[in-house]
Amino acid sequence: MGEPSSSTSTAVTIPDAVEVADGDEPPSSPLQPTPRHPVWANVPDSDWNDWHWQSQNAVRHPRQILDLIPFTDDERHAIESLQAQYKLAIPPYYFSLIDRFDPLDPIRLQSVPSPLEMTGAEGEDDPLDEDKDSPVPGLTHRYPDRALLVTTHVCTMYCRFCTRKRATMKRGGWDSVSRDDQRMVEYVRDHPEIHDVIVSGGDPLTLPLEKLAYFVESLSAIPHLDVIRIGTRVPVTLPQRIEDNNLLDILESSGKIWIQTHFNHPREVTSETRRACDRLRMRGLPINNHAVLLKGVNDSLATQRALCRALLRIKVRPYYLFHCDPVTGAGHFRTPVWKGIEIIEGLRGHISGLGVPTYVVDAPRGGGKIPLMPNYLLSATNDSVVLRNYEGVIVNYHPTGEPPLKQAAVVTQGVSALLEGQAEVLVPEGNPRLLRRRARGIANGLNGHGTQGASPKKSNGSAGNGHGQGHTPDH
């Protein structure tokens, strides 16, 4: 790869893609092109923006990576020894996102081997028991109406936390359609209860176009199949691949395809990834995002808010936030479950509902995805439920609209007072929304009756509700 030509990064412009008909190109992005690592500063733009060049020049060997980033002796030893346990591949574009002088850089942590992979909690090769739910090689049938197809072991970039390291460690492979490929399609065809398939890998967008076309065309022709999801990180790690109109033609031809991509950090949202997502959407391909909660990468509320907002700006819907699986070598990425719940608590109500992913744990032994959310249901009776919102406002809600049954009066307070019909709302002291209303001379109106002009008064016993000083509006 040679020595760096300078110590400064050079911004590059993205040339026009392969010529297409008027109206097929997305509008130009306001984001600036990604600066390059100095070692690639003098690569012609025509090469840099060519996915073939990016793939051919990906960092794949310890000797290459050790020349590009400063490492300690322990890190050098880890990189060299881990090569035999898990593949290494980082396209120059994605490598250029790394702050090479920050050993804790979130892009580096996802892509560059670390000594931490050799320590920490014990992991498993197949933590989700996908192979045990595999009726034919490469296909997992776990949920009643869905199936997963592992179509390749190749990725553009090998994430250090990957659940399928066991599959991606396979060497070699067939460019042509194999008998196992045919058996996967035949299984889906023979099981009319399957309405949704996830075409995954590896990364299916690394497949030769002829083989990708086989899966797309064969699956699309199955009448009972409604949805074909392509699980790919190509828009994130090798967005230049999406410049290929032949690839887009194949995907667009189905009419059933959704793209499931994988942004983990807001710095991965660049002008190049935005353009790739624009081109996919303009071909009628909706895009959802799967993120993985990773310690040191995105396990903060600030980072997750920035990521979800960045995804909304490029019209990619945050779909899932996965708890990191107990895979071999990924123990240092795993967080407490409470961290994920804390993050969802800080997203709900603070950003658009479109930008709030579902936080899930993929249960061991093939238990599937289990959603975990903050507790918004606090208590319930037969005719009412006590709910809280993101502000901490606690309300008594009557789901059927029927008045609660009359009960003998009893002295009580807090949430119990709501259940007994003695109060309708408990409002935390200093609620910003209520303070804005008061400043405008508007009553809080949170008593369930739309009362206007009434001033809140302190309710007997409402203060000790765990949400600050409680208030109950006048009735």
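The table below gives the values:
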{"quantity": "Residue within the range 282-300 that is on the phi < 0 side of the Ramachandran plot, part of a helix (DSSP H, G or I), surrounded by fewer than 21 Cβ atoms within 10 Å (Cβ to Cβ) and modelled with pLDDT of 95 or more present", "calculated": "yes"}
{"quantity": "Residues (of a type in the set (A, V, I, L, M, F, W, C), open to solvent by 40 Å² or more (accessible area, probe 1.4 Å) and under 14 Å from ILE394 (Cβ atoms)) located in the range 409-432", "calculated": "VAL415"}
{"quantity": "Count - residues of the range 212-241 that are closer than 20 Å to LYS165 by Cβ, touching a residue at least 60 places away in the same chain (Cβ under 8 Å) and either in a loop (DSSP other than H, G, I, E, B) or not hydroxyl-bearing (Ser, Thr, Tyr) (or both)", "calculated": "4"}
{"quantity": "Count of residues meeting criterion [open to solvent by 40 Å² or more (accessible area, probe 1.4 Å), outside any loop (DSSP other than H, G, I, E, B) and modelled with pLDDT under 75] in the range 132-172", "calculated": "1"}
{"quantity": "Qualifying residue in the range 95-109 (condition: of a type in the set (Ser, Thr, Tyr) and modelled with pLDDT under 90)", "calculated": "no"}
{"quantity": "Members of the range 364-375 that are surrounded by 13 or more Cβ atoms within 10 Å (Cβ to Cβ) and free of Cβ contacts under 8 Å to residues at least 60 places away in the same chain", "calculated": "LYS369, LEU372, MET373, PRO374"}
{"quantity": "Tabulated pairs, the range 196-211, first under 20 Å from MET157 (Cβ atoms) and without any contact (Cβ under 8 Å) to a residue 40 or more places away in the chain, second in a loop (DSSP other than H, G, I, E, B) and open to solvent by 10 Å² or more (accessible area, probe 1.4 Å), C-beta under 9 angstrom, 6+ apart or interchain", "calculated": "PRO208/ASP175; PRO208/SER176"}
{"quantity": "Residues of the range 358-387 classified as under 30 Å from THR140 (Cβ atoms) and part of a loop (DSSP other than H, G, I, E, B), total", "calculated": "3"}
{"quantity": "SER271 being open to solvent by less than 40 Å² (accessible area, probe 1.4 Å), over 30 Å from LEU97 (Cα atoms) and not aliphatic (A, V, I, L, M)", "calculated": "no"}
{"quantity": "Residue under evaluation ASP244, criteria (1) open to solvent by 10 Å² or more (accessible area, probe 1.4 Å); (2) free of Cβ contacts under 8 Å to residues at least 40 places away in the same chain, criterion not met", "calculated": "(2)"}
{"quantity": "The range 330-357 - residue that is open to solvent by less than 10 Å² (accessible area, probe 1.4 Å) and part of a loop (DSSP other than H, G, I, E, B) and, of those, farthest from VAL236 (Cα to Cα)", "calculated": "ALA330"}
{"quantity": "Breaking point among (1) touching a residue at least 40 places away in the same chain (Cβ under 8 Å); (2) part of a strand (DSSP E or B); (3) not charged (D, E, K, R), for TRP258", "calculated": "(1)"}
{"quantity": "Qualifying residue in the range 309-320 (condition: open to solvent by less than 40 Å² (accessible area, probe 1.4 Å), outside any helix (DSSP H, G or I), in contact with a Lys or Arg (Cβ under 8 Å, 6 or more places away or on another chain) and more than 20 Å from LYS369 (Cα to Cα))", "calculated": "yes"}
{"quantity": "Some residue of the range 69-78 being open to solvent by less than 10 Å² (accessible area, probe 1.4 Å) and without any contact (Cβ under 8 Å) to a residue 40 or more places away in the chain", "calculated": "no"}
{"quantity": "Among residues of the range 181-204, those that are in contact with a strand residue (DSSP E or B) (Cβ under 7 Å, 6 or more places away or on another chain) and not in a loop (DSSP other than H, G, I, E, B), counted", "calculated": "10"}
{"quantity": "Check on SER114, open to solvent by 20 Å² or more (accessible area, probe 1.4 Å), under 25 Å from the mean Cα position of the chain (by Cα) and either over 19 Å from LEU238 (Cβ atoms) or without any contact (Cβ under 8 Å) to a residue 12 or more places away in the chain (or both)", "calculated": "yes"}
{"quantity": "Condition check for VAL410: modelled with pLDDT under 90 and either within 25 Å of GLY346 (Cα to Cα) or β-branched (Val, Ile, Thr) (or both)", "calculated": "yes"}
{"quantity": "Residues satisfying the stated conditions in the range 171-211, i.e. under 24 Å from ARG60 (Cβ atoms) and within 24 Å of the chain's Cα centre (by Cα)", "calculated": "SER200, GLY201, GLY202, ASP203, PRO204, LEU205, THR206, LEU207"}
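Residues are listed down the side, and each one gets a yes or a no for (1) among the β-branched types (Val, Ile, Thr); (2) open to solvent by 10 Å² or more (accessible area, probe 1.4 Å); (3) closer than 26 Å to PRO33 by Cα; (4) out of contact with any helix residue (DSSP H, G or I) (no Cβ under 8 Å at 6 or more places or on another chain):
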residue: ASP175; (1), (2), (3), (4): no, yes, no, no
residue: VAL188; (1), (2), (3), (4): yes, no, no, no
residue: PRO192; (1), (2), (3), (4): no, yes, no, yes
residue: GLY201; (1), (2), (3), (4): no, no, no, no
residue: LEU205; (1), (2), (3), (4): no, no, yes, no
residue: LEU209; (1), (2), (3), (4): no, yes, no, no
residue: ILE222; (1), (2), (3), (4): yes, no, no, no
residue: VAL234; (1), (2), (3), (4): yes, no, yes, no
residue: HIS265; (1), (2), (3), (4): no, yes, yes, no
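Yes/no matrix, rows are residues, columns are (1) more than 17 Å from the chain's Cα centre (by Cα); (2) among the β-branched types (Val, Ile, Thr); (3) under 23 Å from CYS159 (Cβ atoms):
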{"position": "LEU225", "(1), (2), (3)": "yes, no, no"}
{"position": "VAL236", "(1), (2), (3)": "no, yes, yes"}
{"position": "ARG241", "(1), (2), (3)": "yes, no, yes"}
{"position": "ASN246", "(1), (2), (3)": "yes, no, no"}
{"position": "ILE250", "(1), (2), (3)": "yes, yes, no"}
{"position": "GLU268", "(1), (2), (3)": "no, no, yes"}
{"position": "LEU280", "(1), (2), (3)": "yes, no, yes"}
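The values are calculated or read from the model by the stated rules, or taken from the named source; none is laboratory data. Bear in mind that the values here come from a model prediction, so they are computed numbers and not experimental data. Cβ: placed from backbone, ideal geometry, glycine included. Neighbour counts: every protein chain shown. Side chains included, ligands, DNA and RNA excluded: accessible areas come from the protein's heavy atoms. Shrake-Rupley method; radii C 1.70, N 1.55, O 1.52, S 1.80 Å.
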